[in-house]
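Structure, as structure tokens:
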Amino acid sequence: MSKTVSVISKNFYKVNPDSIDEYIAAGGFEGLKKAITMKPEEIIELLNKSDLQGRGGAAFSVATKWNHAVRVSAPVKGIMCNADEGEPGTFKDRSLLEHNPFGVIEGMIIGAYVGGGSQMNHARIYIREEYTYLHGRVRNAIKQAEERGFLGNDILGTGLNIEMKVVSGAGAYVCGESSALLESTEGKAGRPRIKPPRLNNVGLYNLPTLLNNVESYSIVPILVRDDSEYRSYGTEKSIGTKMISVSGNVKKPGVYEIPFGITIREVVYDIAGGLSSERPLKFVQIGGASGAIVPASQLDTPISYEGLCEIGVAVGSGAVVVADDSNSMLDYFDSLAHFFAEESCGKCTPCREGNRQLVKIVGLMKSGKATAADFDRLVDMLGLMKGASFCGLGKTEPAPFLAAIKHFEDEVRGYFK
Amino acid sequence: MTKPLNSKLEEQYPELYAQVGEIVSKWGASRDNLIAVLLDVQSKSERNYLSKEAMLAVSEIMGIIVQDVYEVATFYHAISTKPRGRFLVQLCQGTSCTVNKVVNVKDALEAELGIKIGNSTPDELFTFEYTPCFGACDVSPAMRLNGKVVGNLTPETIKQIIGECREAAKNE
Ligand code: SF4
Ligand code: FES
């Protein structure tokens, strides 16, 4: 039996992503049509029932977020979609935009209906520059939705007004952070804002703003239309399904939709075909560059919020990067340290300077000049960054390093003489 | 548009000024279009970068102080304020590409181009640099060649791809 499912990805390769007619024929916009017969509170209750968590990485309850939005009433609001998928090893939002752009748009319209402004909604899909080849497809989808009256003024006679646009990123990982994303959308350098005020109160163009990830929006119309299939999957505490990106040393890298609760081992060996090198697996990294390193001994951990939490790992963006035993922890550290040093926005000292030191220490490790004192410095530094950084980038970055030190202590210590 | 009545810059660089003006009117002069404008202006430049003059023109025409334009231009990876080669080769340094031994591809590219990563070839044909993960991990190791993803790289395919670039440049 196949271990993948297709609820969120139901339209993939079946419905022409450039044709609104095909999307409608496949049940598209039925979620929206049903939504407008419901009260916003009822829709939130529905999301709450499935315990939908944000799918960008932070896993914040979507129902709670939308509930906040309803409580802030304003004539004009911002509705944002975060398609700045920059977590290394993650490309599932890419496939959602590629194969189901109307689903994302429909989810955003429902979002605007529930938590939007009474007179006008400025909706923006912020797509990373690296996905420039998808900007046209999404713009085209917006245009078709406008022509059919799903966007624009007085949508389906509800009085709801939305003007929607695609905004291009320009290459900056930190823009995945919600307030940095808004700064960037406004045409500024993407540095995170101080919070509070929360974006729910003061967001895009200082308007109250509702912001969700591509996958989160994609799930909404499915739940509103009929949540029974989605809810038939998963575990008691992690209801439903998840889009994951599997890559690294596996035979069949790609985007897959899995029910919550299957194990990492099943993902690696049954879904992704096992290791391309036929060598033993050394570790996987779950959830992106700031996700924890999981050693082979923990492969039977289920991929679910509670299952991963038990071993101190988060679902994150749903990335699964697989490494066989030909990979040294040092090379992996090198890749991570350079990535974060490059992407740190420089606003706060722990992250900006911490990353410089991290790159230096990794350099010493590579040249064989690192000492035991450097090891202590490394651990101190990571603790400091975790505790004192301004935004999620610096706060979560230490996770893979600390996990690697824990699980591969002998190897890591071996680089320090 | 908020451009001044008498622009020295316009007198000095009439072509560039007109081009930037066109791009600004296409996107709109409000601040939130700045990144799109900069990307667009850069793409029209022969050396695939934003010159000082271009930034000054954007600043004048959009009415945004030049410091702000410069800050944005230097903050983002996709915008360069230094001239780049006709072919921009950006090799992924991400985790998935790392475990798929992107280092071998890097060595092959350095040998083929005759330069170390982080540099341009003396003939200004190629600029070769590292870039963060661009979401093509399913075909790792991968690079972007003038923005286009090329995946499943091996030292052999590198030879071929670079050869094709040289060929294309010759026929231009
Ligand atoms: S932790 Fe600080 S320096 Fe790092 S990205 Fe966030 S705000 Fe910028
Ligand atoms: S890690 Fe290289 S493209 Fe993602």
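The values are calculated or read from the model by the stated rules, or taken from the named source; none is laboratory data. None of the values given here were measured: they were computed from a predicted structure. With ideal geometry, Cβ positions are generated from the backbone for all residues, glycine too; neighbour counts draw on all protein chains shown.
Quick notes
- If the condition is being in a helix (DSSP H, G or I) and either at positive phi or at the interface with chain B (Cβ under 8 Å from one of its Cβ atoms) (or both), then the range A:320-360 contributes A:Asp331, A:Tyr332, A:Asp334, A:Ser335, A:Leu336, A:His338, A:Phe339, A:Glu342, A:Glu343.
- B:Leu109 satisfies every condition listed in (1) away from chain A (no Cβ under 14 Å); (2) touching a residue at least 24 places away in the same chain (Cβ under 8 Å); (3) out of contact with any helix residue (DSSP H, G or I) (no Cβ under 8 Å at 6 or more places or on another chain) except (3).
- Residues in the range A:386-396 that are near ligand 1 (Cβ under 8 Å from one of its atoms) and surrounded by 18 or more Cβ atoms within 10 Å (Cβ to Cβ) were compared, and the one that is nearest to the chain's Cα centre (by Cα) is A:Leu393.
- Of the candidates B:Cys133, B:Cys97, the single residue that is facing chain A (nearest Cβ under 10 Å), under 26 Å from B:Ser43 (Cα atoms) and buried (at least 23 other Cβ atoms within 10 Å of the Cβ) is B:Cys133.
- Enumeration of residues in the range A:220-262 that are under 17 Å from the mean Cα position of the chain (by Cα) and in a loop (DSSP other than H, G, I, E, B): A:Ser238, A:Gly240, A:Phe260
- Some residue of the range B:9-19 being in contact (Cβ under 8 Å) with a residue 24 or more places away in the chain, within 14 Å of chain A (Cβ to nearest Cβ) and either in a helix (DSSP H, G or I) or under 23 Å from A:Cys175 (Cβ atoms) (or both): no
- Filter pass, A:Gly363 being in a helix (DSSP H, G or I), over 27 Å from A:Ala180 (Cα atoms) and not assigned by the TED database to the domain that holds A:Lys251: yes
- Among the residues making up the range A:397-417, those that are crowded, with 18+ Cβ neighbours inside 10 Å and outside any helix (DSSP H, G or I) are A:Glu397, A:Phe408, A:Tyr415, A:Phe416.
- For the range A:244-292, residues that are closer than 27 Å to A:Ser344 by Cα and not small (Gly, Ala, Ser) total 6.
- Leading residue by the ranking (farthest from B:Leu5 (Cα to Cα)) among those in the range B:55-94 that are of a type in the set (D, E, K, R) and away from chain A (no Cβ under 12 Å): B:Arg86
- Tally, over the range A:142-175, of residues that are more than 19 Å from A:Asn213 (Cβ to Cβ), within 14 Å of another protein chain (Cβ to nearest Cβ) and of a type in the set (D, E, K, R): 1
- Criterion: farther than 26 Å from B:Val66 by Cβ, among the small types (Gly, Ala, Ser) and touching a Phe, Trp or Tyr at 6+ places or on another chain (Cβ under 6 Å) - qualifying residue of A:Ala123, A:Ala170, A:Ala141: A:Ala141
- Candidates A:Glu306, A:Glu278 - the one that is out of contact with any His (no Cβ under 8 Å at 6 or more places or on another chain), more than 14 Å from chain B (Cβ to nearest Cβ) and not in a loop (DSSP other than H, G, I, E, B): A:Glu306
- For first residues located in the range B:86-101 and assigned to a helix (DSSP H, G or I), partners that are charged (D, E, K, R) and more than 16 Å from ligand 1 (Cβ to nearest atom) and lie 6+ apart or on another chain with Cβ distances below 9 Å form the pairs B:Ser96/B:Asp138; B:Thr98/A:Asp331; B:Thr98/A:Asp334; B:Val99/A:Asp324; B:Val99/A:Asp331.
Per-residue answers, yes or no, for (1) farther than 30 Å from A:Asp226 by Cα; (2) touching a residue at least 40 places away in the same chain (Cβ under 8 Å); (3) within 16 Å of ligand 2 (Cβ to nearest atom); (4) not aliphatic (A, V, I, L, M):
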site	(1), (2), (3), (4)
A:Arg94	no, yes, yes, yes
A:Gly103	no, yes, no, yes
A:Met120	no, yes, no, no
A:Tyr131	yes, yes, yes, yes
A:Arg139	no, no, no, yes
A:Gly157	no, no, no, yes
A:Val166	no, yes, no, no
A:Leu182	yes, yes, no, no
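- Pairs, first more than 14 Å from every other protein chain (Cβ to nearest Cβ) in the range A:252-269, second among the charged types (D, E, K, R) and not in a strand (DSSP E or B), C-beta under 6 Å, six or more apart: A:Ile262/A:Lys3; A:Thr263/A:Asp300; A:Arg265/A:Asp300; A:Glu266/A:Lys3
- Test: residue in the range A:176-184 that is more than 12 Å from chain B (Cβ to nearest Cβ) and assigned to a loop (DSSP other than H, G, I, E, B): yes
- Strands (runs of 3 or more DSSP E) wholly inside the range B:116-155 containing at least 2 residues that are within 14 Å of ligand 2 (Cβ to nearest atom) and touching a residue at least 12 places away in the same chain (Cβ under 8 Å): B:126-131, B:143-145
- Candidate set from the range A:185-214 (those that are without any contact (Cβ under 8 Å) to a residue 60 or more places away in the chain and within 14 Å of chain B (Cβ to nearest Cβ)); member that is nearest to A:Gln119 (Cα to Cα): A:Asn206
- Cross-chain or 6+ apart pairs with Cβ under 7 Å, the range A:355-381 first and within 14 Å of A:Ser335 (Cα to Cα) and in contact (Cβ under 8 Å) with a residue 12 or more places away in the chain, then within 16 Å of ligand 2 (Cβ to nearest atom) and acidic (Asp, Glu): A:Val362/A:Asp334; A:Lys366/A:Asp334
- Residues (part of a loop (DSSP other than H, G, I, E, B) and either under 13 Å from A:Val220 (Cα atoms) or touching a strand residue (DSSP E or B) at 6+ places or on another chain (Cβ under 9 Å) (or both)) located in the range A:11-48: A:Phe12, A:Gly28, A:Phe29
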